[in-house]
């Protein structure tokens, strides 16, 4: 045994080669709040990693005439004036491998879930230029979120960037988590980037994903609220680097940035400490570029360039519903649509609290399956008209029949679109429920019984209209035969339900 | 008003004194001190002097070298090192300082500007330590 150790050590030492080369060094001039000003380092590049004597890593962010501004990734308490700082010649990169799936890592790819080291042979740079025009492909494959209101009205496609925006406590993260849970068996890798969130929230979320069996295809990148602003700043870029690693294998990836408001705040903190001039709301001038270069990395690549896609769901938290603030307007303009959540709707019990009027998906129905397109075609317009009529109807009681009918249909539509958390719905079920709604089969069911009716209908049709379900699963559209079977099943179920 | 950097002042002093000697040089230097006083930069005179030294070194091809060894090295070795460095940095002349630091154990560490060549035993041992505890 001890012989073995000696032998192994000898082999290791023999394999060791010393490489003496000149190194570029600098010296710390000042350190404060996670920032170090370093003199020297004349040939250093922007975003290059530098190492401090206590083993901490820093990233060069400011290149000035006679000094460089470095953000310190980790604790800066032990770094003092005069310390020697070495340039590494490498742009900041994080280790990646397939075994990162199911793990929780910090912003520099170090596991923080206590499950041991992640073996990796490759590293990916965290800053990369987004794929160019020739490598891209249009978005036409759906990402099924399992949420009726989204899949039917604001469909998301693979490679799209869809913003989730709303006040605190309106269910933004809930939508993201449901979307991850629904990716089981959908051939999708998920990356959840948590920026400046409480560790307790992250732990809860991790447990929830584990319970739903979603950690098998998910990676969590976390920069907690107690960590330095520098970690929050690089976390989304690390997340997208991991996503790119999987996309390069031709896989589809869903990445969630929760949330980019905190990311912008972290960047503002760093920028102000680096004495960059403040602009609107004290954010630096390049805060738009901060998010645009991140979100441009979401794409769908054509087969010639390896295929695969990255779908991004950034989250923005608004203050008192103000979507015209600086960061929300920026991110709205960068993304391909937004899901707008409202606290009023949330408290009314409409959950998910999606405001259908203000939410859009610019990629739209090209990312929907044919069957869904058919049933959801007029739903958005119907709902918008309903909201208008609803306000109008409060003033007068004398309404004509068609208006009354529209109001009743609208109430039922709202009811059908309500959905519990952690209960994503299969697309076939969504189609059946919306078919029944748009064809008027629910018009004579009392509003308070709609949920019960829907649940019973899905169960009944699954057993009695198998042809329809088979057609949807296989060819994404129904034929006359399937529709006939469904219609029959709905009529049968309705007669038994009304009794 | 824009902040005046010590480097800017140093550059101005260099161009004002360039090629001058005798009383002319004395006058130019006196005026330089007056400017420092007027601009309230006397407190920054150390930075200005350092910057001026750097400018002069650069213009005249002077390279400053610092060599640290564990034990004192002989005169011939010092000369040899100086010549080698002179050639490497294509310098007109070299100003060298030699220090001893027993904790380096052996070998030599040469510093020129912000470039360092660390061939000390201490550094080699540190590298070996890193190599042995690396994650594989």
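Throughout, read-outs are computed from the coordinates displayed, never taken from laboratory work. Here the structure is a predicted model, which means the values were calculated and not measured. In this analysis, Cβ positions are derived from the backbone assuming ideal geometry, glycine residues included, and neighbour counts consider all displayed protein chains.
For the stretch A:401-449, report the % of Cα-Cα distances exceeding 12 Å. It would help to have the intermediate numbers written out before the result.
On the way: 774 of 1176 pairs.
Cα-Cα pairs of the stretch A:401-449 separated by over 12 Å account for 66 percent.
Between the stretch A:407-484 and the stretch A:77-102, how far is it from one alpha carbon centroid to the other, in angstrom?
That distance is 53 Å.
Round to the nearest 10 and give me the degree value, 0 to 90, for the angle of helix A:172-181's Cα axis relative to the longest principal axis of chain A.
Computed tilt is about 90 degrees.
Provide the percentage of antiparallel DSSP beta bridges, counting only those with both residues in chain A; round to the nearest 5. Numbers along the way, then the final one.
Working: 37 of 67 bridges.
Bridges in chain A are about 55 percent antiparallel.
Can you bin the stretch A:1-134 into rounded, prolate or oblate? Criterion: square roots of the alpha carbon gyration tensor eigenvalues sorted a ≥ b ≥ c, rounded for a/c under 1.5, prolate for a/b above b/c, oblate for the rest. Write down the numbers at each step before the final one.
Numbers: a/c = 1.77, a/b = 1.28, b/c = 1.38.
Oblate, because a/c is 1.5 or more while a/b does not exceed b/c.
For A:84, B:82, A:388, what ranking results if the residue with the fewest other Cβ atoms within 10 Å of its Cβ goes first?
If I rank by nearby Cβ atoms, fewest first, I get A:388, A:84, B:82.
Could you give P(r) for the stretch A:91-247, binned at 10 Å from zero, as whole percent values over all Cα-Cα pairs?
The percentages, shortest bin first, are 10, 37, 39, 13, 1.
Can you tell me the relative contact order of chain B? Whole percent, Cα pairs under 8 Å, sequence separation 6 or more.
Values: 141 pairs, mean separation 28.8, N = 136.
The value is 21 percent.
Fewest first, what order do A:120, A:194, B:21, A:358 take by the number of other Cβ atoms within 10 Å? Before the final figure, lay out each step's value.
On the way: A:120 17, A:194 27, B:21 8, A:358 13.
With the fewest neighbours first, A:120, A:194, B:21, A:358 line up as B:21, A:358, A:120, A:194.
Hey, could you grab the Kirkwood Rh for the stretch A:231-385? Inverse mean 1/r over distinct alpha carbon pairs, Å, one decimal. Mind showing how you got there, number by number?
Details: mean 1/r = 0.0566 Å⁻¹.
Over the stretch A:231-385, the inverse of the mean reciprocal pair distance is 17.7 Å.
Distance in nm between label sites at residue B:39 and residue A:374, each 7 Å beyond Cα in the beta-carbon direction?
It is 8.0 nm.
Note the per residue figure in Å³ for the convex hull of the C-alpha positions in the stretch A:309-431.
In the stretch A:309-431, the Cα convex hull volume per residue is 146 Å³.
What's the angle, to the nearest 10 degrees (0 to 90), between helix A:199-211's Cα axis and the longest principal axis of chain A?
That helix lies at roughly 60 degrees to the long axis.
Starting with the fewest neighbours, write out A:247, A:29, A:49 ranked by other beta-carbon atoms found within 10 Å of each beta-carbon. Numbers along the way, then the final one.
Values: A:247 26, A:29 15, A:49 21.
The fewest-first ordering by Cβ neighbours comes to A:29, A:49, A:247.
Classify the protein assembly as shown from the C-alpha gyration tensor, please: rounded if a/c falls under 1.5, else prolate or oblate depending on whether a/b exceeds b/c.
On the way: a/c = 3.56, a/b = 2.14, b/c = 1.66.
Since a/c reaches 1.5 and a/b is larger than b/c, the shape of the protein assembly as shown is classed as prolate.
For a test of the definition: using alpha carbon positions, the gyration tensor, and the 1.5 limit on a/c, classify the stretch A:411-499 as rounded, prolate or oblate.
On the way: a/c = 1.85, a/b = 1.27, b/c = 1.46.
It is oblate, given that a/c is not under 1.5 and a/b is not larger than b/c.
Compute the acute angle (0 to 90°) between the alpha-carbon long axis of helix A:466-475 and the principal axis of greatest extent of the alpha-carbon atoms of chain A; round to the nearest 10°.
It works out to around 40 degrees.
Would you please state the base-10 log of I(q)/I(0) at q = 0.18, 0.22, 0.23 1/Å for the stretch A:231-288, with intensities from the Debye formula using one equal scatterer on every alpha carbon?
Reported log10 I(q)/I(0), two decimals: -0.67, -0.83, -0.87.
For chain A, what relative contact order do you get, as a whole percent, if you take Cα pairs closer than 8 Å and at least 6 residues apart?
So the answer I get is 15 percent.
Got the relative contact order for the stretch A:156-238 handy, in percent, Cα pairs under 8 Å and 6 or more residues apart?
Relative CO of the stretch A:156-238 lands at 31 percent.
Give, in whole angstrom and from largest to smallest, the semi-axes √(5λ) of the equivalent ellipsoid of the stretch B:77-136, with λ running over the eigenvalues of the Cα gyration tensor.
29, 14, 9
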